[in-house]
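Here the structure is laid out as structure tokens; the discussion comes afterwards.
The values are calculated or read from the model by the stated rules, or taken from the named source; none is laboratory data. Nothing here was measured: the structure is a model prediction, and the numbers come from that model. Cβ placement follows ideal geometry from the backbone for every residue including glycine, while neighbour counts extend to all protein chains displayed. The accessibility values were calculated without ligands, DNA or RNA, using every heavy atom of the protein model including side chains. Shrake-Rupley method; radii C 1.70, N 1.55, O 1.52, S 1.80 Å.
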Amino acid sequence: MKKFIIILIAAAISAACGQENKTGEPMNNIRKPAVAGMFYPGDRKTLETEVKDYINKAKPEEIAGRITGIVAPHAGYVFSGPVAGYAYKLITGKKYETVVVISPSHQDFFRGCSVFDGDGYETPIGIIKVDKETAKSIANKVENIYLSSKGHHIRGVGEHSLEVQLPFLQVALGDFQIVPIVIGDQTEENCRALGNVLGEVLKDKNALIVASSDLSHYHSYEKAQKIDQEAVDCFEKGDLKNILKCEACGSGPIYAMLLASQKMGANKNKILKYATSGDVPEGEKGRVVGYMSGVSYEDNKKKSGSEVGFDLTMEEKKELLALARATISDHLEGKELADYKPKHEIMSKKCGAFVTLHKEGELRGCIGQIVPMDMLYKTIQNMAVAAAFEDPRFNVLTKSEYPSIDLEISVLSPFEKIKNIGEIEVGKHGLMISKNMYHGLLLPQVATEYGWDLETLLKHLCRKAGLGDNAYKEPGIEILKFTAIVFGEKDLK
């Protein structure tokens, strides 16, 4: 089956003759909104309110590094808006001079990649000006990338996949220019050419690339999740060889964005949220469409090695969470610790880890192993049992409680002694304090969950060790900092 792509300037020939941009130049070719009132609200105030709500409700893991590209879905907002909000939450308030939006064409077929040759794209929120200089630079490099209205101005039903990204960009960024690109046929040759050209043109610019794509279409809920896992894994690994083989209508835009981001300095890709149309109240699980939000970025930590020493893919995180849950279930049934055979090599790495249980949002148990004595999978098994049945602060977990618990895992980095408290980054660093026989530890996420500043964090750390609130100021105190890869069942649903 042929695939089609579009980059950020959509269809519908403008009737906006005589309009001007902010510099006073006439804007005679404006792409009018084609799916306002259908895929998203047609009223400006309602649209802005809805987009802000999606962004505000999203809770993506913070990214410490320069973001070069994002992936966001393009279905009707009621279905894909909550997932898109995760990607746009990360760029909210950032400043980009130019945003390149690449999307698939669902309505038109043409060769190569069409870079919009008009003046602007319009949504109910306003007109976004095209960065014509950058557009020309991109279009003049190779034969199969050219200035055109193909895939942008389409007769009849307008193309939606590029257009639906724009209100999110307008709310998140405010003032910026765009380069809309639609890929007509998503061959590897076209996508590779586009990625190479974008990387070359944008490498010295303050630019962002948006890849517009949904995932699998119209499978059962369970089958869709299995199929979409391939796309999720390929994205996180930056697997250009196989991403085009995945069931995603915008696999070409994703390929081009990943390749360009690599050339712009990105060294890490991360899935922020996955869901399907069956996960919203309006959806049904018999035939669903898959959605993901992802980010490509320059991870400064990774240049010198991850602080934890390695990274975990979404599939590896799911394996650890499933192992923890199965271990607790087996213990409730009186079974011995299972002789587990890890699916991934990383599971055999020795490191410290904590397993945390929550019930209805409240802590229900948390036990960890600080010293990396056992292989990761074994540590998770042991700590899952300890958190559920051996935490002295709580009664042992019962069978009736088991279905209502949520699990969270924290995989720890090596510990590092601090010389002064100014080295501590609240929300990033976990801390352990020691004095004689007194010890206390708090995980990195605790301060964020409770909204603590540094002083409050240190006071609670002292209390955890059985010391006075200001003991961290006293002689003979040792404070160690560490980071963690933190993930939970709620994050990966």
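Using unit Cβ charges (K, R positive; D, E negative) and no other charged atoms, how large, in debye to the nearest 20, is the dipole of the chain about its Cα centre? Mind dumping the intermediate values first?
Values: 62 positive and 66 negative charges, 104 e Å.
The calculation lands at about 500 debye.
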Check: With every protein chain left in place, what is the accessible area per residue of region 47-132 in square angstrom, probe 1.4 Å?
Finding: 36
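Hey, what number do you get for the chain at 222 nm if only DSSP H runs of n ≥ 4 count, each worth -39500 (n - 2.57), divided across all residues, to the nearest 500?
Result for the chain, helices only: -9500 deg cm²/dmol.
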Notebook entry, point to check: What percentage of the solvent-accessible surface of region 229-371, computed with a 1.4 Å probe over protein heavy atoms, is contributed by carbon and sulfur atoms?
Noted result: 47
Check: Using θ = phi - 60° and the Karplus form 6.51 cos²θ - 1.76 cosθ + 1.60, what ³J(HN,Hα) does each residue of region 374-389 get, whole Hz, x for Gly and Pro?
Finding: 10, 5, 3, 5, 5, 4, 5, 4, 5, 6, 5, 5, 5, 5, 7, 10
Margin query: As I understand it, the dipole of the chain uses +1 on the Cβ of Lys and Arg and -1 on the Cβ of Asp and Glu, about the Cα centre. Which of Gly466, Val100, Val446 lies farthest toward its positive end?
Written below: Val100
Check: Along region 438-448, what does the Karplus equation 6.51 cos²θ - 1.76 cosθ + 1.60 (θ = phi - 60°) give for ³J(HN,Hα), rounded to whole Hz, x for Gly and Pro?
Finding: 9, 9, x, 9, 10, 6, x, 6, 5, 4, 5
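Please compute the per residue accessible area over region 171-220 with all protein chains in place, 1.4 Å probe, rounded to a whole number of Å².
Details: 1590 Å² over 50 residues.
Accessible surface, normalised per residue, equals 32 Å².
Roughly how many debye, to the nearest 20, is the charge dipole of region 378-493 about its Cα centre, given +1 on each Lys and Arg Cβ, -1 on each Asp and Glu Cβ, and no other charges? Show your work: numbers first, answer last.
Numbers: 14 positive and 16 negative charges, 49 e Å.
Its charge dipole is roughly 240 debye.
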Checklist line | Ranked packing of 275-282, 109-116, most packed first, by mean Cβ within 10 Å | finding: 109-116, 275-282
Next item on the list: Can you work out the accessible area per residue across region 269-404, with the rest of the protein chains kept in place, probe 1.4 Å, in square angstrom?
Entry: 48
Note to self: Please compute the contact order of the chain in relative form: average sequence separation of alpha-carbon pairs under 8 Å and at least six residues apart, divided by the residue count, as a percent.
What the structure shows: 15
Checklist line | Relative packing of 240-247, 383-390, which averages over residues the other C-beta atoms within 10 Å, highest first | finding: 383-390, 240-247
Next item on the list: State the Cα centre-to-centre distance between region 350-382 and region 68-92 in whole Å.
Entry: 32
Note to self: Per q in 0.10, 0.16 Å⁻¹, report the Debye log10 I(q)/I(0) for region 266-396, using one uniform scatterer on each alpha carbon and no solvent.
What the structure shows: -0.46, -1.01
Note to self: Could you tell me which residue out of Leu202, Ser413, Leu244 lies farthest along the dipole of the chain toward its positive end? Charges go on the beta carbon: Lys and Arg +1, Asp and Glu -1, centred on the Cα centre.
What the structure shows: Leu202
Notebook entry, point to check: In whole percent, how big is the carbon plus sulfur part of the accessible area of region 444-493, probe 1.4 Å, protein atoms only?
Noted result: 49
Item checked: Per principal axis, descending, Cα span of the chain in whole Å -> 77, 50, 40
Item checked: For region 346-356, 3J(HN,Hα) per residue [Karplus equation, 6.51 cos²θ - 1.76 cosθ + 1.60, θ = phi - 60°, Hz, x = Gly/Pro] -> 4, 5, 8, 6, 7, 6, x, 6, 10, 10, 10
Note to self: I'd like the carbon and sulfur percentage of the solvent accessible area for region 22-143, probe radius 1.4 Å, heavy atoms only, ligands and nucleic acids excluded.
What the structure shows: 49
